Amino acid sequence: MLTRELEETLSYAVEEAVRRKHEYVTLEHLLFALLEDNAARDILYNCGAKIDEIAKSLEDYFADVLEKMPAKTQMLPEPTSTFEATIQYAILQSQGSGQQVVDGGNILAALYQAEQSYAVYLLQQQGVTRLDILNYIAHGISKIDSGFSFDGVGEGIEDEEFAEERALGGKNKKPLESFTVELVAKAVKGEIDPIIGREAEIERTIQVLCRRKKNNPLYVGEPGVGKTALAEGLALKISEGSVPEVLKDAKIFALDMGAVLAGTRYRGDFEQRFKAIINDLHKQENAILFIDEIHTIVGAGAVSGGAMDASNILKPALADGILRCIGSTTYAEYKAAFERDRALARRFQKIEIGEPTVEETYEILKGLKRFYEQHHGVKYSDESLRVASELAGKYINDRHLPDKAIDVIDEVGASLKLLAEDKRPNQISVQMVENTIARMAKIPPKT
C-alpha cells in the first residue's frame, strides 16, 4: 500500500511530464517529484544532498535533453519501463520485509536499480549512495549530524543487502533503538533482578555521576563479581526514584556492541554508527551510556594501524561532562587498554568492585532465590543456599563469587527438570547442591 503522500508524489511526476510536453514519464521526473516529498527530502538532506542543486540540474536536463512533443499533440506521456520497474521493485521489497506501506524513502532507494540513469548519476554526484539512504532509513544515521562523510570505499552488494534488510525490517529506527537497550525502562517493566548489597559502590557511582567534569564511573573487577549488575541496580534505583533529584529522570542506555559491529564490513561503517549513537545521546535529556566490557572499544573500528577507533570518538564527547558514560572492565583489560590510553583513562573515575565474601554471597542468593524458585518450580532452603555459597567459594576456582554461586543454584534447579514430574522433589536439598558442585568442580561427591 502506498502512502497518501507517495501517491501525490507519483501524480506530481506525471503532471510535470504533461506540463513540460514530454513524451515519457521518466525516473528524472520521479526524482524531481521526490524532491517535494517530505520523507524523501528528509532522507536526501540527512544524506548530505543539496536539494536545490539537484532541482536545478533536473530543470536543465528537462530543458536541454528531453524533447518536447508538438504543442497541438493531445497524447498523454507514458511511464517508461524503468519508471514502472522502480515502483514495482520498491513495492515487492517492502512486501517481502513485512512492511505495510511504501513511502518516498523506499522509492528513493529503489532508484539505484537503474544505475545508468541520469537521476542516479545526480544523486551520486551529491555523494549520496544507496547505502547512505538505507542506513538513514534503518538507523537514522545522518551524515549531517555526525559530520562524517562516507566515501563509499569498498561499498559492495553484500553490505547493501545487509543494510537493506535492516532498513526494511526496522524502518525509521533511531540509533539508540537499534544499538542500545534502555535499562531504566527494563527496570520499570520488572525485567531486572534486584541487586543485593553493593550500597557503597552504587553510592559512589551516583556521586561520580553528579560531578561537573570527569563524571564517568568505571567499574574494575574480576569477571563474575557483579559489575554489570551494578549498572542494572542503578537503573532500578532510578526507576524507584531513590536517587538525587539530578538523576531522577535519567536514562541508562546499555550499548550492544555486537549489534554495532554486525555487518560493518568496510572502512567507515563502524565509525558512522558509533558517531550516530553519540549524536543521538546528545539529543537526549539526562542520558547515560553504559558500555559493558568497555575495553573492547579501544581499537574497535580501527583499520590498517589507523588511530581512529571508538575510544577516539568517545573521548571528545565526554570532555565537556554533558554526556556521561559508565564502563566496566577487568583488571587485566584495564591494564592493557586504559593504562595505554591515558587520555581515555583520565575521563573516568575508577571504582574497584571486589569479590563479595561468602556471607555476602549468601545474602545475595537469599535475595535472588524467589526468581529461581519461580523459574524452576522448586523451593530453595536457606541451608542449601549457604552451602552453595561456601562450597562454590571453596571448590570452583576458575570463577568468582557471587557469579559461581548463582550458577550453582541455577544448575541444581535445572538438573531437576531432567527428572519425570512425579519424581521431582519440591525442595532443593543440601545433598543436591553438594552433588552439583562436585560435578561442576570435577571432584568426588561427598559420601
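Could you go through the stretch 65-72 and let me know if any residue there is within 26 Å of T129 (Cβ to Cβ) and surrounded by fewer than 15 Cβ atoms within 10 Å (Cβ to Cβ).
Looking through the stretch 65-72, at least one residue is within 26 Å of T129 (Cβ to Cβ) and surrounded by fewer than 15 Cβ atoms within 10 Å (Cβ to Cβ).
Got a number for residues in the stretch 75-96 being acidic (D, E) and free of Cβ contacts under 8 Å to residues at least 40 places away in the same chain?
1
When the residues of the stretch 139-156 are filtered to those that are part of a helix (DSSP H, G or I) and at pLDDT 75 or above, which remaining residue is surrounded by the fewest Cβ atoms within 10 Å (Cβ to Cβ)?
K143
Residues are listed down the side, and each one gets a yes or a no for (1) surrounded by 13 or more Cβ atoms within 10 Å (Cβ to Cβ); (2) at pLDDT 90 or above; (3) outside the structural domain of G224 (by TED's automatic domain parsing); (4) farther than 23 Å from E222 by Cβ:
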residue: F371; (1), (2), (3), (4): no, yes, yes, yes
residue: H376; (1), (2), (3), (4): yes, yes, yes, yes
residue: A392; (1), (2), (3), (4): yes, yes, yes, no
residue: Y395; (1), (2), (3), (4): yes, yes, yes, no
residue: V412; (1), (2), (3), (4): yes, yes, yes, yes
residue: S415; (1), (2), (3), (4): yes, yes, yes, yes
residue: N435; (1), (2), (3), (4): yes, yes, yes, yes
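Only one of I288, I278 is in a helix (DSSP H, G or I) and either modelled with pLDDT of 65 or more or in contact with a strand residue (DSSP E or B) (Cβ under 7 Å, 6 or more places away or on another chain) (or both); which?
Of I288, I278, the one residue that is in a helix (DSSP H, G or I) and either modelled with pLDDT of 65 or more or in contact with a strand residue (DSSP E or B) (Cβ under 7 Å, 6 or more places away or on another chain) (or both) is I278.
Can you find even one residue in the stretch 5-12 that is crowded, with 18+ Cβ neighbours inside 10 Å and either in contact with a strand residue (DSSP E or B) (Cβ under 8 Å, 6 or more places away or on another chain) or assigned to a strand (DSSP E or B) (or both)?
Yes, some residue in the stretch 5-12 is crowded, with 18+ Cβ neighbours inside 10 Å and either in contact with a strand residue (DSSP E or B) (Cβ under 8 Å, 6 or more places away or on another chain) or assigned to a strand (DSSP E or B) (or both).
Output the helices (runs of 4 or more DSSP H) that fall wholly within the stretch 177-259 and possess 1 or more residues being in the same structural domain as A332 (by TED's automatic domain parsing) and more than 23 Å from I353 (Cα to Cα), or say none.
183-188, 227-240
Taking only the stretch 1-55 into account, find how many residues are charged (D, E, K, R) and under 21 Å from A138 (Cβ atoms).
Residues that pass the stated criteria total 4.
Just to be sure I understand the filter: pairs with C-beta atoms under 7 Å, separated by 6 or more residues or on different chains, first member in the stretch 305-334 and in the same structural domain as I278 (by TED's automatic domain parsing) and within 18 Å of R273 (Cβ to Cβ), second member among the aromatic types (F, W, Y) and at pLDDT 80 or above. Which pairs pass?
A310/F274; I313/F274
Listed residues Y136, Y121; which is modelled with pLDDT of 80 or more, among the aromatic types (F, W, Y) and surrounded by fewer than 16 Cβ atoms within 10 Å (Cβ to Cβ)?
Only one candidate qualifies: Y121.
The values are calculated or read from the model by the stated rules, or taken from the named source; none is laboratory data. All values derive from a computational prediction rather than experimental measurement. Note that each Cβ is placed from the backbone with ideal geometry, even for glycine, and that neighbours are counted across all protein chains shown.
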